[in-house]
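Bear in mind that the values in this text are calculations on the coordinates, not laboratory data. Just so it is clear, the structure is predicted and the values come from calculations on it, not from any experiment.
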Amino acid sequence: MISSSRAFRRVLVAGILSAVLASCNASGSAQLHLMQVGETQFQVEIADTDESRRQGLMHRESLPEGQGMLFVFERDQRLSFWMMNTSIPLSIAYISSDGIIREIHDMTPFSLEPVRSSRSVRYALEVNRNAFASAGIRPGDRVVLPEHLQNRR
């Protein structure tokens with residue numbers, strides 16, 4: 001009876017661990033990639049599918065300092081972002097395919113007002129509000145994309 005009780009507990013613990021790991025993967029726990037922005041490095045999640053771009057940073061309570069989300073698109077285009085279901089105050093940089101920041105905007109939590117790029121760009125980088133300003137990052141600065149994205153331009 002003792003050994004079958006131990007076996008039951010092992011199976012139960014293994015099942016719980018499996019469920020927790022699946023939940024973490026389903027909730028958007030993503031790999032972080034190093035990205036150079038001006039003289040500053042950020043660790044970024046990559047949003048390069050329709051689903052990951054649609055989800056973005058929605059429903060999160062915080063974004064660790066020095067982290068962000070890089071939205072990658074297949075072609076240059078005028079982009080538009082909003083803050084639906086996003087409680088974190090963010091700044092967004094619109095970045096052209098040649099790696100130059102073209103514009104930076106602050107975004108208001110939960111706002112449904114679109115924040116549009118004024119020209120065609122390939123990437124958008126969201127970070128905590130004022131992270132760009134605090135690091136002295138401004139339009140015209142160069143971005144070095146995470147290594148696995150550098151050949152996509």
Using the alpha carbon gyration tensor of region 31-149, what are the three equivalent-ellipsoid semi-axes (square root of 5 times each eigenvalue), largest first, in whole Å?
18, 16, 15
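Kirkwood Rh, Cα Rg: Rg to Rh for region 81-136? Walk me through the numbers before you get to the answer.
Working: Rg = 11.1 Å, Rh = 11.5 Å.
Reported Rg/Rh, Kirkwood definition of Rh: 0.97.
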